[in-house]
Every structure is written in C-alpha cells, then in structure tokens.
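Q: Dumping the structure here so I can ask a few things about it.
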Amino acid sequence: MAMQLDISDIGTRENRLGSITGYVGDLQDLANQSNCGSLKGGVRCFSQSSTCLSGCALGQLSGIRDVAVIHHGPAGCSVTGAQIYTVTKQVAKKRGVVNNTVYIGTDMSEEDTIFGAGDSLHDIVVETNRRYKPKAIFVSSSCATGIIGEDIDSIVAELRDEIDVPIAAIHCEGFKSRIWASGFDLSDHAVLTTIVKEPKQKRNKINFKNFYESARDDIIALFKNFDVEPVFLYANATVEELSHISESLATVCICGTLGNYLGNGLEEKYGVPYIRTINPLGVVGFETWLREIGKVIHKETEVEQYIQAERSIYLPQIEEVKKELEGLRAVLGMGPGYTFEVSRVLQELGMEVVWAAAWHYDKRYENGDIPPAMDYLLKNTPNFEVSVADQQNFEILNILNTYKPDLYLSRHPGSTVWAIKQGYPAVYVADEYMIFGYKRTLEFAHTVLDTIRNRSFEKNLAKMVKLPYTDWWYKQKLDLFLEKTK
Amino acid sequence: MAKILDKQRYKCAMGAMSTVQAIERAIPVLHSGAGCAQKLSNSSGSSGYFSPNIFPCTSINEQDVVFGGEKKLHSTIENSLKVIDADLYVVLTGCTPEIVGDNVDEIVADFKDAEKPVIFASTPGFKGNNYQGHEWVVDAIVEQYLSPTEKKTPGLVNIWADVPYQDEFWLGNLRELEKLLAELGLIPNTIFGYKRGIENIKKIPEAQFNLLVSPWVGLENVKRMQAKFGTPYLHYPTLPIGAFETSKFLRAVGNFAGVDQGKIEKLISEKEAYYYYYIERFADLFLETRVMSKKFSVVADAQYVLGITKFLVNDMGLFPAKQYIVDDTPKQYRNDIEGYFKDLNYDIEAAVEFGVDGYKIQQEIENTDYHGYPLLLGGYWEKDIAAKTNAHFLNVSWPVNERLVMNSYYVGYDGGLKLIEDIYSVVKTRFN
C-alpha cells in the first residue's frame, strides 16, 4: 500500500499495519494467523496503564536540535517536556553540542474545552517563535483538543503564512491507538512532510535511525572503513541535516519498530534504499545487517574484511562466556522490534527463550512484509510461547510465576523492578545499543552473567516485599481478560 | 484560558494519582488514556508497593469516546478488586470521560457494597493542576470514606503539608513535622508514607485539631473537615526551616494545642542550643566564603518560596531579591501570601510575583543586579539561567533532576542545617 505523505494525520498502526496488542499463543501460531489473515487481536476488559503515543511522537521530535514542540492540551500532556529537557541537555552535552529545543504546553482549561482555544494556541506559537527563533515548530493535539474538535491543521496552515520556518501539525490524540509506536510514525511523517527536501545531490551518508546515539563514536569509526558517514536521527540532529536525508545512500535503523516509517517513506518518495534486514544486535544480526549495507553501497569486500578481522577478536571471547550462559531460561518483555531481535540473540548466546512478550505486534511493515526478526525466528529457531500485551505487568508477573525463569529482560521503565520483587534477576535493556555489534554483544553477555551470578539485590528485596497482586490472579490463565474482537 | 507553559512547574489534576500512591495500600483506578499515568509519574521513589504501571486503567480508545466508557470502567473496577491486593480503590477521571460525559458517580456507586472501599475524585486535566487535584483526592476521602465520630482523642493532631511526589522532600518533611509535634507531647497523625495509610485515615475524625503547614494547599480540606467533623484547624502558612521559624512554629502549635508554656519554651531552648552548636562551628565558613553574596531568589511553589525566604532572611541574614511563586496559586489566596512576605526581621519585605511563564521569570533574573553572585534556588529549569548569570544554584522544587532525594528533608532545625549543607556544597565548588 502506498504511504499517504500528502496528509497530516496518518492513522494508527492498528489501521495501517493490522497491528495488535492482545494475543496469547506461540510464535508459529502468531505467524500462521498473520499470514492467513485470521489474526485479530483481543481487547482486555481489565488492563493497567501503559504509554501514550504522544510521548513517542514528541519525544522523538524534541530531540531535534533547536526546534519548538508545542503541546496543545492540559498541563498533564505537556509534562513530558520537563523530563525530556533533562535528557536532551545531557545527550547534547555528551556530544559536545548545545540543544536549545523547547517544549511548551498550553495549560488548557475547562473553559477552553467549551469554547476552544485555537486563538490562544495561535498566539502561543507566535510568541514561542518570537522568543526562541526555532528552526522548526511542531504543534501537537491531545485527547482533549481532539475531542472538542480543535482544528490544528487550519491553525498550522494560517501560521505558515506568518512564520518562516517549517511547521507541522502532529495528531497525538492518545485514545487513537493502544500502540505507542504509532507515535514514532507521526514524528517521521512530520519530518518527511515538512522538513525533508527534494534531493539535489547524492551524499556519502547513511541515515541512522536511533534513539540517543550512545554508540555514535563507534559507528562513525565503523562506517569510516567503508568511506561513509552516519547521520544520526533524531536526537541532536539539526533541521538542516534532516532536510538532506533524502540525499543519503541508504537508511538503517537500530529498531524496526522505530525506523520502519521513515525508512519506507524515504525509499518510496526519494528512492533512498531502506536496509530491511534483521537488526544489528548479536553476531548474526550485526553481520547480516552490515553485509546488506555493503551490498547497497557497493563495499562488499571491505565489509567482509572488517567482519573477518572483528570475528577473530571477539568470537573466541563470546564463545567463552557462552559456556556459562548455556541453558539459562529467559522471559522477555519488550517492544516488538526488540522482543524478536533479542530472542534471537539470547538463543545465539545459548540461552532458552521460554516466553517472549511483545508490547504490540505488527503483522507487516509499511512495505507489506512481515517483520524480518520474526521471519528469521520462524526459519531458524525452535517455536516458543509468545504473548502480545501493551506492558500489562500483571500478565508478565503471572508468566514469571508460572515459568520461573533464570532471567527476565525488559526494555521499558518500570518493568524490571517487578520481576526482581518476585525474586527473578532482571536485565534492563535500556540503551538501544546495548547488544550492538561484536563488542557490545560480548559486554551484554557479561552483564547477563554478572546478573545471574550475584542475585543478592533481588533476593534481599523479594524477601522483604509483598507483591501487589492477589493469589487469585496468580492462579488464573493469562488470557482471562482477553476478549476476542469480532 | 489556555496560556503559555514555558518551563512547566506542575502537572494536571490527575497527577493527584501520586497522592493516592503515597497512601500505603491505596491504589488509583484510572478512567483515562493509557499513557496518562506514565506521563504523570515521577521516576523518583515510584516503585513502591504499587507503581504507576500497576495502576488499573480503562485505557480509553476511540470507541469509548464515541459510545462512552462506562462499561469498561465497570469491568475495570470489578477486576481491580479481584486482581490487585489493595485496601482503598480511588477512581480518578482524566479528560476524555469528563468531556464525553460518562456517569462515573453512578458506576462507582455500584461498588458501594464491595468488599473494599471504592471512592471517586473527578480530576480531569483541564480542571486544574496537581496541587488542586491533591486537594480533591483528600476531599474525596473525607467526604466518601470517613464519617463524623463522637470519639475525640486529646492531643491527636492531623498534619497536612504539601503535595506528595510534587514536593521531592514530601516524605522526609512530613516525618520531621511529626517528630516536632511528638516532642511537644502531641500525637501526630499523617496519612502518607511508610506505616501510616488507612489506619491513620480512619483516625482523622477523632483528632483534636488539623494542622495545615502550607501557604494554601489543603486549606479547602481542613475547612471541609471542620464542617464535617467539627475539627478546628490551625493554618500555619510557612514551612518551618531553621531555628527562627521552627521555634515560632512550635510556639504556635503548642499554644493552639494547649501545651504547657514552660514545656514549649524548654523544648525550644534545647533545640536552639543544639542548632546553634552547629551554626557556631560553621559560622566562619558562612562569613568567610568570598563567593557568597547576600542576595537570593527562589523560584518554586508557594511553600518553598515562603519557607526558604524566611529561613535565608531570618536565620542566615541574607537579603531577598524578588521571589517567584510558580504553582499557579489560585487568585483568592494571593493577597494573604503576599502579606507573609512582609513579615520578615528588621521590617524587610520581599517582593513576590505569581506567574507560570518561566521565560519571563528568567529574563527578570538575568536583568537583576544581585550585587555579587546570585544565589538561586529553584526548579531544574533554573540550571541554565544560573549558568548564564554565574549564580550558585540549588534545585529544590519540581522538576528536581540530577539529584537523588530519598528521605532527606528541609523542615525543622535539622532541615535548616541540611539546606545549609546543600547550598554550601554548591558554593564551595568555587574559590572566587
């Protein structure tokens, strides 16, 4: 299906990609049902709080250097700005740059829900522009503004006549989607439609979609072997850099869930190849990914030389740790990008995946293919149990209680703590580069090993705390609250 | 009306989920968007018995917007009672159900005979901020959970202070206020934090009086309790930090409670002697640190602006530049609060401004002559302007980042010493 790059509201992953947030079964069944079109996600009649797509959308955009995000809604919506501010400053400082991005709220009141606050929003955007002279402005809606029908598209259209920098409307009504990753697509869409310019010349660059560029120096060094430079997106990127990403040789990403929309959009609109391999996590992922890059930029020989040199350094060390990890049983809960990628890596390291919980599942990506990490597992690994749940913690603890694994791995704040309270060691795979390439795969293996070897912290804590769920719940089947949709 | 929130200092009313979270074994049940709780939570002391990702939530979707979310709210409450092991379930509403008109009162009423109490506070984000949301949650407890009682316990004092989690030092401050009252021979009763909770909530109507230590937050609550339970209240607007204010505080509370004068004065003189043992030993440092000047500004909620201003003026002999209150204090309280800033030693009066536009505040600070390095106490936002103006900067009010607060506090005699420690730990990073 062609992407709709001419409108501001792109719809959700549920609608575009058939994505789901409720499923209990196994890998093969999930894939079979996806293929024959019978996969219908369930909805829960009981759930716990999770995440809002606006956090993903505006979190991404506010990483861009020297822009303004204006979040039109009550103060609770824009409160994200206070957290983002710290991260933005720290991430910029690490790189030695200054990021003057601002995140502004509109403190919508009860009166505004009746009469609308379009005029105020207009004035706030103008004032923000006067104060900070941002290089681009992103104006976002919220649940409240969405329901009362505030027309942010028209307000933005008017503002374009008054303000001489790119302005985009971002449709962030939280009720639209259970899948917060829809927010990544919204941010990509805004960048694609308002900032990226038509290519004038090819540049020796590769777009690298990631979160916080923690492995920046290593990747610059890596790509130098092949005479290309990475352009990291979006944290610390400038609007000027973004305007040229249509001129790059290719787009790669650290996470398929994160990079899918931008990668496909740049390919469809500007012919920038999108590298759709499994992601560069673990040895197999890294090599597969790097070889594909080599093919696309015609540096296959150099890539092969690099791989052989690095293998000789790291593979023996990885094999050594692997001996200690062999047979450990793991449960993991992550976004679907990482769930299926990390499942592969754990198996590469000799561990057994007993349950993988994905926070959502995309039946297919923007180009119509099933996600490559899933495809790889289906072809190469034993079947294992899978659930799809938007961070439903009570389900995770039920799984842990039933399967009693040696290790729980999660990638979202507030999740690992519950595993350790139940007495299971947990690894927080927060940094997107934690398992990137040979060196970090080795470091990750050691982190797992250290976690398993010293269980003091979780044992001490688990002994002292009571769990928040009733005994009744631990005796129930996992899909108790999951109602099939018609 | 909508206004520019540049350098935001508060959350929306549903941020009061943290007030519920601060009560042991009480859990918020949210009728809201799936991501509201995550946004409104602080990652600071949040993984207690319940954390925001344990809070049940109806996770409102498009269908609920069109057809209403009452059925989903019902099943969410019903199953919360089965799945979550809590003693008090507090339903909080976000924006959407309030705009589309879900009848939440009626759904909650269905659970009046449930095994555990289920109560409801309306907290849509557009109705107010989390300072007000906090008051609405306490009101809901008073109105829906508690009944008047004949039984009164002499000496039992309910203590109410500022907002849990919004005030990074909420827990330590409350504990220290309790200790001060206990030293007067009173029986402090608070509902937030370790081993307080439901049992203490039940004691609220028995108290001899309510003590409110806040410039304005909670005033509605103590008035409501006076009307419902006949409990008188003492409103002590200033968070007592350091010797001067804490001694004044002890006298005010002691007198109100009818504590023997001699006992009050004995306690105060012991405490002041202890406090000045430390001050004396470090007085040389305070006088002879060449980078420390006299002028300061506080950018914070009303409680810290007032509390810290009084401490720095009356205890430390500093001089106030303009002070900035950024909690969107309701207009009806502003006159009184301005008055408190006129009651400083040597007839000093501090200029105080109410505003939520951080940009304007920082511009003013930049254009103010502090006659030396400014001393700036504020939110994390002030870090930048402090760097620009060469100020000594201490992050005391929300958002508090880049420092960890577990159980420390600024209240009382020891709290004053702690604040001095924190200020001078910054000041001492410079020689000249």
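Every number here is computed from the coordinates shown, using simple stated rules; none is lab data. Note that the structure is a prediction, hence the values are computed from the model and not measured. Using ideal geometry, Cβ is built from the backbone for each residue, glycine included, and neighbour counts are taken over all protein chains shown.
Q: In deg cm²/dmol and to the nearest 500, what is the mean residue ellipticity at 222 nm of chain A if only DSSP H runs of at least 4 residues count, each as -39500 (n - 2.57), divided by the residue total?
A: Helix contribution divided over all residues of chain A: -14500 deg cm²/dmol.
Q: Okay, next question. Around B:Ser18, what is the net charge, scoring Lys/Arg as +1 and Asp/Glu as -1 over all other residues with Cβ under 13 Å from its Cβ?
A: -1
Q: Would segment B:30-181 count as rounded, prolate or oblate if I go by the C-alpha gyration tensor, calling it rounded below 1.5 in a/c and otherwise prolate when a/b exceeds b/c, oblate otherwise?
A: Prolate.
Q: Report the GluC sites (Glu not before Pro) located in segment B:107-146 that are in a DSSP loop and have at most 14 other Cβ atoms inside 10 Å of their Cβ, or state none.
A: Qualifying residues, ordered by number: B:Glu115.
Q: OK, next. For segment B:274-430, what class follows from the C-alpha gyration tensor (a ≥ b ≥ c being the square roots of its eigenvalues): rounded when a/c is under 1.5, otherwise prolate if a/b is larger than b/c, else oblate? Don't skip to the end; give the middle numbers.
A: On the way: a/c = 1.41, a/b = 1.25, b/c = 1.13.
Taking the square roots of the gyration eigenvalues as a ≥ b ≥ c, segment B:274-430 is rounded.
Q: Another one. Take peptide A:85-92, look around each residue's Cβ out to 10 angstrom, count Cβ atoms belonging to other protein chains, and average those counts.
A: Taking the mean over all residues of the peptide, I get 3.
Q: To continue, here is another question. So which of A:Lys135/B:Lys388; B:Lys82/B:Lys127; A:Lys477/B:Lys195; B:Lys7/B:Lys428; A:Lys176/B:Lys72; A:Lys323/A:Lys363 end up more than 24 Å apart by C-alpha?
A: From A:Lys135/B:Lys388; B:Lys82/B:Lys127; A:Lys477/B:Lys195; B:Lys7/B:Lys428; A:Lys176/B:Lys72; A:Lys323/A:Lys363, over 24 Å: B:Lys82/B:Lys127; A:Lys477/B:Lys195; B:Lys7/B:Lys428; A:Lys323/A:Lys363.
Q: Sticking with this structure for a sec: Which value at 222 nm does chain B reach when only helices count, each DSSP H run of 4 or more adding -39,500 (n - 2.57), with the total divided by all residues and rounded to the nearest 500 deg cm²/dmol? Each step should come with its number before you reach the end.
A: Numbers: 17 runs with 181 residues, N = 432.
Calculated from helices alone, the mean residue ellipticity at 222 nm is -12500 deg cm²/dmol.
Q: While we're looking at this one, here's another question. Return the sequence-ordered ³J(HN,Hα) values of segment A:346-362 in whole Hz as given by the Karplus equation 6.51 cos²θ - 1.76 cosθ + 1.60 applied to θ = phi - 60°, using x for Gly and Pro.
A: 4, 5, 4, 8, x, 8, 10, 8, 8, 7, 10, 9, 9, 5, 7, 9, 8
Q: About the Cα centre of the protein assembly as shown, how large is the charge dipole given +1 on each Lys and Arg Cβ and -1 on each Asp and Glu Cβ? Please answer in debye to the nearest 20.
A: My answer is approximately 1680 debye.
Q: Okay, next question. Estimate the FRET efficiency between B:Asp105 and A:Trp472 by the formula 1/(1 + (r/R0)^6), using the beta-carbon distance for r and 30 Å for R0, to the nearest 0.05.
A: Calculated transfer efficiency: 0.60.
Q: Please list the non-local residues whose amide H lies under 5 Å from the amide H of A:Ile70, H modeled 1.01 Å from N, same-chain partners needing a gap of 5 or more.
A: Here A:Ile104, A:Phe138, A:Val139, A:Ser140 satisfy the definition.
Q: While we're here: Given a Förster radius of 25 Å and the C-beta distance between B:Gln144 and B:Lys71 as r, what FRET efficiency does 1/(1 + (r/R0)^6) yield to the nearest 0.05? Kindly include the intermediate steps, with their values, before the conclusion.
A: Numbers: r = 23 Å, r/R0 = 0.91.
Efficiency, rounded to the nearest 0.05: 0.65.
Q: Return the whole-Å distance between the Cα centroid of segment A:190-234 and the Cα centroid of segment B:174-251.
A: Distance between centres, Cα-based: 58 Å.
Q: Just going by the charge dipole of segment A:291-428, with Lys and Arg at +1 and Asp and Glu at -1 on Cβ, which of A:Gln392, A:Tyr376, A:Tyr361 is farthest out on the positive end?
A: Going by the Cα projections, it comes out as A:Gln392.
Q: Let me ask another. Let me spell out the model: positive unit charges on the Cβ of Lys and Arg, negative unit charges on the Cβ of Asp and Glu, origin at the Cα centre of segment A:343-450. What dipole size does that give, in debye rounded to 20?
A: Value, rounded to 20: 100 debye.
Q: For segment A:205-300, compute the number of Lys pairs whose alpha carbons are separated by less than 20 Å, excluding pairs fewer than 8 positions apart on the same chain.
A: 9
Q: Quick check: pseudo-label points 7 Å beyond the Cα along Cα→Cβ at B:Lys428 and A:Asp369, how many nm apart are they?
A: About 6.0 nm separates the two model spin labels.
Q: Additional query: Just want the ordering: B:Ser43, A:Ser49, from fewest to most Cβ atoms lying within 10 Å of their own Cβ.
A: Ordered from fewest to most neighbouring Cβ atoms within 10 Å, B:Ser43, A:Ser49 come out as B:Ser43, A:Ser49.
Q: When a/c is below 1.5 the answer is rounded, else prolate if a/b is larger than b/c, else oblate, so apply that to chain B with a ≥ b ≥ c taken from the square roots of the Cα gyration tensor eigenvalues.
A: The shape class here is oblate.
Q: A further question follows. Please state the relative contact order of chain A as a whole percent: Cα pairs under 8 Å, 6+ residues apart?
A: Across chain A, relative contact order equals 18 percent.
Q: When the chain is fully extended, how far beyond the present Cα-Cα distance does A:Asp26 get from A:Glu326, taking 0.36 nm per residue of separation? Intermediate values should be presented prior to the final figure.
A: On the way: separation 300, 0.36 × 300 = 108.00 nm, distance 2.27 nm.
Separation in residues times 0.36 nm, less the Cα-Cα distance, equals 105.7 nm.
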